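Novice: Below: one structure in structure tokens.
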Amino acid sequence: MAEWMIDGPGIALPSDAVLLDEARHGAVRRTPRPRLAIRLLEMVVHENGRWFGESHVRLDVLVVHGGSASGTEYAPQTFAFPRVADGDRLPIGQGGLLLFHGRPKWFLSMFVALSRDVPGAPGLPALLNDIAASDPAVELQAQALSLATGLPDPDILGLAVQGTWAVGGAALARLTMETRSTIGVYRDSWLRGRDSWGVGRHPHEGLLRAKDVSFAFEIIEENEE
Amino acid sequence: MNHSGSQLTSSQRRRFLLLLDLAATKLRDALSQTESSDLAELRRRLRARKKGTDAAVAISLWLLSARAAERGHSDLAAHLYQGLVEVVPGEADFWYNLGNQWARSGEKDRALRAYDEALRLNPTFAWALFNRGCLLYDRKAYEAAVSDFLDAARHGCDLEQFAYSVVRRLVPLRGFVTALDMVSDPSLPERMRGQFARALGEVIDEARALDGWFLSRWPGTARADHDHAATLVLRAVLADVLRDSPRAPGLFFGRDHERYDVRELDESDLRESLWYFPPEGPPAPPDRTEQLATLRETLATSTLTASETTWALHYASGAIALSLLMDGANDWPTPVLRLAVPGRTVDGGRRADEEARAGLEEWISSNDGTSVADFTLGHFRSASDALTTLILSHREPDRDVIMLMGDDGPLLTDQGDVVTRPASLHLAQALWWHVEPVYREWVLAAAYTGRAEERLAALCHARRFNALAATELWSPLAPERWRRYRAQIAALHDAHICLADIQAALGEEAALVDQYTYEVFGESISGLTLTSRDSVVKTHEVNVIGGELRALFDAGMASLFPAAGLPPAVGQPLLLPSEPIPKTLLIVPYGYLRKIPVHGLPLVLQAVDDGTLERIVYLPTASFAGRPRLPATRPRRILFIGHDPAGDIDYAHDLAALRAYGGDVTAVLGQEATCSRVQAELPHHDLVHFACHGDMDAHLAAGYLSLAGGRLYPWDVLEGAVPETVVMNSCLGISTERFEATSDGAVGLHDAFLAAGARSVIGSMWALPEWTGRAFADIFYRRLAAGEDSPQAVTSTQRELRSFTKDPFYWAAHACFGAWRS
């Protein structure tokens, strides 16, 4: 399993009380689940992996959440950035880069990896087809389905949260096989009750540093009224 | 400086020189350069025994005395004025100023003589009359003081706070009603009468401290001047009742217009707080007979324009009579009957009490033609009727927003740096706090008279008032609609109680538990259990700090229910009926008890599992027990509403369950399920099933269902006809949330459906889990198809759900409201 260089504060096993609260509120007929957007605000590459000159880099993002009644939902994306030199700020535009848009359920986990791009390497969506058949992904799917249709069980929810990390790890391992090196990787996970879905800027001020890359992102809740 | 004028004598010159030397020293910093040099010149001339004149000295003394007074050197100022009046004895103003300075330096005799001289020179000198009156008052020469005050008023005294100061002194002497005489005294200038009226209103407000809460003015309504005048008369009468109710030092349970309070008060504390008591010591034991006669007379002569206070007159009459019924029991928290109860009177005389009691009973019998019990209960009922009339007289909801400082209430809106809250919320809270003791003491009176019917009626009235207070927050409604819907809500809480009718309706198989909770310094839960044969009242003290029940609900409600089930201790204070367990249990909850799933309590579950108890139905009021029966036939026209923008609600599952039940099902789904479409469809169906999101709008104190493009609020339901059976398979269909400090809670959709004519309403008491929603729909309609009635089907469905989970959060969410008899 791949090693994550930076773990966000949400990567901690929730307590039993938190899981009970999440299980009880995960699917109630109260207000519809909020629609969230995750936006990359800024990313600076300190070392592009080449001794001299510019390099093509790729940014892979995987967002996993409990999804709808059909089970877990995966939102994989790959963004390519050609000719990036050390110290460059990735050209993601003023509005930032949309990494996820949807209504998370039960849990929300995000995995981010910046790598040197290798010509011909498949994007993360294609890699995920392979991962979907892996043991962790199959187990996670079953757990999410059980949460969606059965009596919500805190134990199963706990397993499902850990399952997303296993799936993220499998995705990173597969990605590393393709790109042979990573510039920086990061993961975090949020719950409704404990973390309010992580809504807000991460980090609150400045940039997160993950090996040779620094970045900031934000989670926004859409107002649907 | 002009040195012309009469010559000073040698003695005068010496005395004035000393005085001027002293002033020059003490007032060095207060004088301008010119004034200092003039003074120096005058002193030099006097010291040199040059010719000095009284005019020059008078000017200097006048200037220096004014400066000394400004600087607070009252003693010096008095001596300077004394010199001034010696030189210029015919000026009333100088004597008045001299009197003021002597008064300030504690020389009361000299001050009085100075005022006397000022008034001899100018008998219409209003300021001097007032100030002399104040001195005479302090010397307990009350008659002379009052005479001076009235003369000052007649001569248009324009001192700041004159009217307030006079009324504040007059009330302890002669009471509020006598002070009121000044408002109508034709010898006083019109402007002065108005000032006295306003001042009297202010001091009556002040008299509310400690326990004069019933003197509060009806909140939130702008009134014309003549209404204020009419109300003032009644308030003055009530304030005199309070004034004539002496209190003894000791442990003091009080209630002002904001909160309850308990304090240890000694004699001086009491006198300071009860400033309106006679200055010569505590009043004699009250003549309650005279008070009742006054209240009766006032009620008979009060006008409609004073209706905002008539409730309090009835309340006071009822409370005084209640003291007879209580006969020595704890007197708190009824303020009026404080010390009307034996053992608390200042003279401690039991015999006098007994004589007073006998006299009171005789008066009630001869003047009212009723017993003390009927008199008491009748007045509480009249008080409540007046309150209902008042609250229904509001023309429209208050849409204002008020800005607050340092308030941390949950319904605040933070707009930048400005914290605001709806004025209507403020009003709703004020209304309830305003009148809560009326209902509590009516219940107390019912207990002392042993009248179960009265207790049920009192709580019907209380629930109705609460519901109407909640509707004060319905600010989106136009005035006409708002008034119409409030009338419907009032009708739902019909307060006409006939015990025999209810008992006949209960028959042999049903029992009704009317629950009541109140908090003063601790919390009590009281329940009246009514069967066809008898009625029993039990009261249970609940430990506010460690009470299982309270802790459960303070901790965050249903989401923190123990997964293994509600603990037996929670059920204990709810005072459910013991043997024999009825087949049908009707619960009439009150206040926060509306949040408790009685159907989930261990005692109740045991009876359900034994097969003894078949139905648990919640009623909005006890009077609802005799209302229409459940629909006699199966619904033919069924309406299904399914909506969820997030895709979480498997409403196709609900729909399939409903279709399996049979009938002609009209399905309105997704974006079709708008409020207007639903409103158009409701009148044409016998049963409606909602599978959508629902929540509580705390700002409007109303539950709602979330539909396409908008929300279905209680007022939308009240607009037209509704199906006989309503199933809200959504969150919070039964809106039991309290809003801030009010005792009861928001008006939920279940209330609205019942008010609009539905017979049976089923909804969730908290956030409904999706699993529960689907499983409930499956089993509930299967049970209905098997021939069970809707309350029966809810109970049996939940019994089946319990085979999957013991966690009440999942299986106990639904509750059944409304009719209960097949």
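We did not get these values from a lab; they are worked out from the coordinates using the rules stated. Nothing here was measured: the structure is a model prediction, and the numbers come from that model. Cβ placement follows ideal geometry from the backbone for every residue including glycine, while neighbour counts extend to all protein chains displayed.
Novice: Points 7 angstrom from Cα along the Cβ direction at residue B:108 and residue B:154: gap in nanometres?
Specialist: Spacing of the two 7 Å Cα→Cβ label points: 2.6 nm.
Novice: Work out, in µm²/s and without decimals, the Stokes-Einstein translational diffusion coefficient of the stretch B:80-139 at 37 °C, 0.692 mPa s, Rh from Kirkwood over C-alpha pairs.
Specialist: Numbers: Rh = 10.9 Å.
D = 300 µm²/s.
Novice: Also: Mind checking Rg over Rh on the stretch B:425-536, alpha carbons, Kirkwood formula for Rh? Kindly include the intermediate steps, with their values, before the conclusion.
Specialist: Details: Rg = 16.1 Å, Rh = 15.6 Å.
On the Cα set of the stretch B:425-536, Rg over Rh gives 1.03.
Novice: Using the C-alpha gyration tensor of the stretch A:1-110, what are the square roots of 5 times its eigenvalues, in whole angstrom, with the largest one first? Don't skip to the end; give the middle numbers.
Specialist: Values: eigenvalues 237, 55, 27 Å².
Semi-axes, largest first: 34, 17, 12 Å.
Novice: Moving on to the next point. Tell me the volume per residue, in Å³, of the convex hull enclosing the alpha carbons of the stretch B:65-212.
Specialist: On the way: hull volume 17.2 nm³, N = 148.
Output value, Cα hull per residue: 116 Å³.
Novice: Round to the nearest 10 and give me the degree value, 0 to 90, for the angle of helix B:142-154's Cα axis relative to the longest principal axis of chain B.
Specialist: It is inclined by approximately 90 degrees.
Novice: Hey, what did the stretch A:1-125 get for relative contact order, percent, Cα under 8 Å, at least 6 apart?
Specialist: Details: 198 pairs, mean separation 42.2, N = 125.
Relative contact order here is 34 percent.
Novice: Right, another one. Given only helices, namely DSSP H runs of n ≥ 4 each adding -39500 (n - 2.57), what is the per-residue ellipticity at 222 nm of chain B, to the nearest 500 deg cm²/dmol? Let's see the in-between values first.
Specialist: Numbers: 31 runs with 403 residues, N = 822.
Per the formula, -15500 deg cm²/dmol.
Novice: Hey, another quick one. Give the value in nm², to one decimal: projected area of the alpha carbon convex hull of the protein assembly as shown, averaged over all directions. Numbers along the way, then the final one.
Specialist: On the way: hull surface 234.6 nm².
Hull-based average projected area comes out at 58.6 nm².
Novice: How large is Rg/Rh for the stretch B:1-154, to two decimals, with Cα atoms and a Kirkwood Rh? Could you put the intermediate results ahead of the total?
Specialist: Values: Rg = 16.8 Å, Rh = 16.2 Å.
That ratio is 1.04, to two decimals.
Novice: By what distance, in whole Å, do the Cα atoms of the stretch A:130-225 stretch along each of the three principal axes, largest value first?
Specialist: If we take the Cα atoms of the stretch A:130-225, the spans are 43, 42, 23 Å.
Novice: Any lysines with Cα under 26 Å of the residue B:806 Cα? List them, leaving off those in the same chain fewer than 8 positions away.
Specialist: A:105, B:583, B:595
Novice: Here is a follow-up. Nearest 5 percent is fine: what portion of the DSSP beta bridges confined to chain B is antiparallel? Mind dumping the intermediate values first?
Specialist: Numbers: 43 of 74 bridges.
The antiparallel proportion sits near 60 percent.
Novice: Return the equivalent ellipsoid semi-axes of the stretch B:10-81 as a descending list in whole Å, where each equals the square root of 5 times an eigenvalue of the C-alpha gyration tensor. Before the final figure, lay out the partial values.
Specialist: Working: eigenvalues 72, 35, 19 Å².
Computed over the stretch B:10-81, the values are 19, 13, 10 Å.
Novice: Using alpha carbons only, how many angstrom separate the centre of the stretch B:455-511 from the centre of the stretch B:115-167?
Specialist: 56 Å
Novice: Run a plain Debye calculation on chain B (Cα atoms as equal point scatterers, no solvent) and give log10 I(q)/I(0) at q = 0.05, 0.06, 0.11 Å⁻¹, rounded to two decimals, same order as the q list.
Specialist: -0.40, -0.53, -1.20
Novice: With the radius of gyration and the Kirkwood radius both derived from the Cα set of chain A, what is their ratio Rg to Rh? Mind showing how you got there, number by number?
Specialist: On the way: Rg = 17.4 Å, Rh = 17.9 Å.
My calculation of the ratio gives 0.97.
Novice: Here's a follow-up. What dipole magnitude, in Debye to the nearest 20, does the stretch B:592-712 give about its Cα centre under +1 on Lys/Arg Cβ and -1 on Asp/Glu Cβ?
Specialist: On the way: 11 positive and 13 negative charges, 108 e Å.
Here the size comes out at about 520 debye.
Novice: When we measure straight from the Cα of residue B:108, which lysines land under 19 angstrom away, once same-chain ones fewer than 8 places off are left out?
Specialist: Those lysines meeting the cut-off are B:140.
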